[in-house]
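So the structure is just underneath, and the comments pick up after that.
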Amino acid sequence: MTLILSASRPFFLAMPYQFKACSFSRIGGLLTLALLLAIDFSAVAQVGRGGGRGGDGERRGGERPKIGQIFGRVKDAQTGKAIDFVSIAVLSQSDSSTVGGGITDKSGRFDIKELPVGRYIAQVMFMGYVTQTVSDIRLIPKGGTVQDLGTIHLEADVQALEAAEVITQSSSLEMLIDRKVFHVGNDLNAVGSNATELLRNVPSVDVDIDGTIFLRGSANVTILIDGRPSGLTGSTGEALLEQIPSSTIDRIEIITNPSAKFDPEGMAGILNIILKKDKLRGLNGQLEGTFGTGDNHSGSFNGNWRTTKLNVFANFANNNRNGFRSGDSFRTQFFTDSTSSLDIESMNTTSRSSLSGRFGVDYSPSPRTTWNVGLRINDSGNASSGWAANRETFSTDYALDQFTSSVGEGSRISQDLDAGFQRTFGSDDHNIKASVRLSQSNGMSNDSIFIQTFDGLDAGAYPDGYDVPMTDEFLAFVNSNDPENVKLNLQADYERPLEHDGKLELGWRTTDRFTVEDQQNFTADTAMNSTSQEFKYGEQIHAAYTTWGRKFGAFGLQLGGRLEQVFTSAEVLRAGGEGGNEDSAFKNDYFSLYPSVNVNYTVDDRNQWQASFSRRINRPRSRQINPYINNANPRELRVGNPFLLPEYTNSVELNHQLTTRSGSLTSGLYYKHTTDVIRRYRWTDSSGVSTSTFVNLASQQNFGAEIVGMWRPSEKLSLRGNASWYVEQSDGSNLEADLGNNGVRMMLGGQVTAVLPRLYKLQIDGRFMAPSTHLQGDFSGFKTMNMAVSRDYFDGKLRCTARVSDVFNSRQFSFTSSASNFELESLHKRQSQFLYLSAMWKFGKLEAGNRRKGGSRGGESGGSQGGGGGDMEF
């Protein structure tokens, strides 16, 4: 960007439109430059007329030729990331008069031309950073009128950051070429909660009654922690999210159309949860404790210690969650010559606890080399008890009543061990990375189920509690499962910068996953029966990928391709039962290509467009292909399908973001086409027993739109609203002639954050899910609202928060399902209304460390530039 000073035109009016329309968060840096230039405007005007004081920017006989040029790049000294909208002021070395200036672009680069020949100094300024001064800039014909200032590293100004703390730091949404970044901010409704509860406030994301994560209505989502796989999938992955305190989360990246660099698994896309790591030197951290009604308590510690070469971070958390789940369903079964009506009422209480820890070390023996190692350990347990009352009446005037009581418990120990290496060459963008991660989990679960049958018993005669009088007519089931999961990831990446802000990436990744489930069933009735099954599932994925990108003026282009070879094997070892001993083996090997295209177009500093295409895959989970029959309710069985195929999706998106000084508006359209769609499927036999499993539908189409608006009318009020609308068209004609659906879904969300008198902060957020149509049924929708209030004490070191979840206790799920021979209506409610009281204490005092004099100069290969200057100590 070139800034030309004119004596006849005010400097501000001479600035390009992009400079005047920059976002509100960057106004401070721009005003600093404008004010500095305005102070010396008269001097510059005199220079423009050839009169006034003499200096290096002028000559007595007339104006010096404007053939000088300086350029360079500005980065954060700690993170190495480029900083845009940094102000660069060019001052005369003799009298400090201003002769020119500019700001950095999105890649942190600046290029200031048409400077008069002479000697100058440059001041590099941005809000929240220490101003750097580059001296002895000589633009003279003998030594050259073009000078490269290299990479200038800015250090964070801790004291300025403390003084400039915004009263209300709300969440924000940023759109990059291949993802959207949701910055968590100080969301009060996230205080004392976990990652699962925090995701409920993220646009495009939904969480159902069981804690399953949905992205744009699809549960096929890949969860990453700090850009790496968590090592766990399915229900265990959802349990892992419940054990991550929300206070440790910095931002969430929503990648709905990932490039070929990412694992293609997850049809809906990727949610990358970035945890906090303090970038400043010294020791700091925070302690948080939460007390909740219903014995829902949690506590966490997060600490960080950083020196020039060493960074050590640790997090420990304890989480206790208790609650109930009630259900009521009514099923009508149509037989050839009769009809039955089954009414099921159930109540379950659950208690979950976990103790988790995360520890890591980053060691940089030189500015270009970094080694890291990390360990995550989690020990969790759960206990449940419940009952279900079944009353089935037949059109033949026969009634059958059953009362089922159950007691269950389980535990799981999991650990992730990872190590990595990074080496940069010349610049931070030119590097090679290698990493290895080993994940392992062992679990144990036992479910004891007691069923007593009564013929013709009145509905009001169900036994209370668990004191079920045992007679000769009863069944007792004991189901146990001891799962073990092992996952190994090996990955190597190479990145090299190219011309025109381009980049080339090459990589290789190998994933080896092995699962063993030792399942046993013991049945006690008039005869004693026992069966056991060992299910083994192995999967190897070998992938090679590359991406290439560059800029063409205002356009950015990124192309990618990924090749994968997958080897899978499943083995079932059965013992006992009617069939005696039986072994079965299944294999499904496949080779796939995954292309990706990402394009963005920057109209100006306020308008940005983004378009993308990618191919994705959803691989069957072990629980979906495990043929073990779950008979927790003998009238409603569940079983996996070992012949399940992976599903493939081709996805196209178009997004736009408008940014103003007080807010932003992000909107998008998307279309997806999926083959071999994995869906849950239910049927009933002639005796009225229902079986639920997983099948592959022929195809499915999804298209929709979403919009997210953020507006901050004042420093004491911020508003956020989001809406999504999408259509799902499924074709299951490969199973049944008329199987399929054309469903429309809509979700609305909003959040209000305000500063009240006496510096209290109030936050209210709400969500509404509209009724929708699904395969074999309809969902009635739901609505919910949360509220929180907080206040800071002791100069912000202590924050106290009170939070109420589901204020009106309205979060419940009802569903209707039908087929040719049955109709089902069900209503489920999980306890969701709680009161939480939280306190968070931040420790560590910010102190300025030793700052290097002068500025960082030279090329990007210049030694220790990235590690010096403006060090901050706690």
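The values are calculated or read from the model by the stated rules, or taken from the named source; none is laboratory data. Note that the structure is a prediction, hence the values are computed from the model and not measured. Glycine gets a Cβ as well: all are built from the backbone with ideal geometry, and neighbour counts include every protein chain shown. When the accessible area is computed, the model is the full protein with side chains, heavy atoms only, and any ligands, DNA or RNA have been set aside. Shrake-Rupley method; radii C 1.70, N 1.55, O 1.52, S 1.80 Å.
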Relative contact order as a percentage, the range 620-771, C-alpha pairs under 8 Å and 6+ apart, gives 16
Could you compute how much accessible surface Met444 exposes when probed at 1.4 Å, giving the result in Å² to the nearest 10? 70
Given contacts defined as C-alpha pairs under 8 Å and at least six residues apart, what's the relative contact order of the range 684-781, whole-number percent? 21
Work through the residues other than Gly688 whose Cβ is under 12 Å from its Cβ and net out their charges, Lys, Arg +1 and Asp, Glu -1. -1
Give the accessible area for Lys551 in Å² (nearest 10); use a 1.4 Å probe, count only protein heavy atoms, and leave out ligands, DNA and RNA. 80
Take every Cα pair under 8 Å in the range 713-831 that's 6+ residues apart, average their separations, divide by the length, and report that relative contact order as a whole percent. 18
Would you mind giving the three semi-axes, in whole Å and largest first, of the ellipsoid equivalent to the range 622-772 according to its Cα gyration tensor? 43, 22, 13
Arg496, Arg550, reordered so the largest accessible area comes first (probe 1.4 Å): Arg496, Arg550
Heavy atoms of Met710 accessible to a 1.4 Å probe, total area in Å² rounded to 10: 20
Inter-centroid distance (Cα atoms) of the range 600-677 relative to the range 680-736, Å: 10
How charged is the neighbourhood of Ser651? Take every other residue with its Cβ under 13 Å from the Cβ of Ser651, and add Lys/Arg as +1 and Asp/Glu as -1. +1
What net charge is computed for the residues neighbouring Ser329, neighbours being all others with C-beta under 14 Å from the C-beta of Ser329, Lys and Arg scored +1, Asp and Glu -1? -1
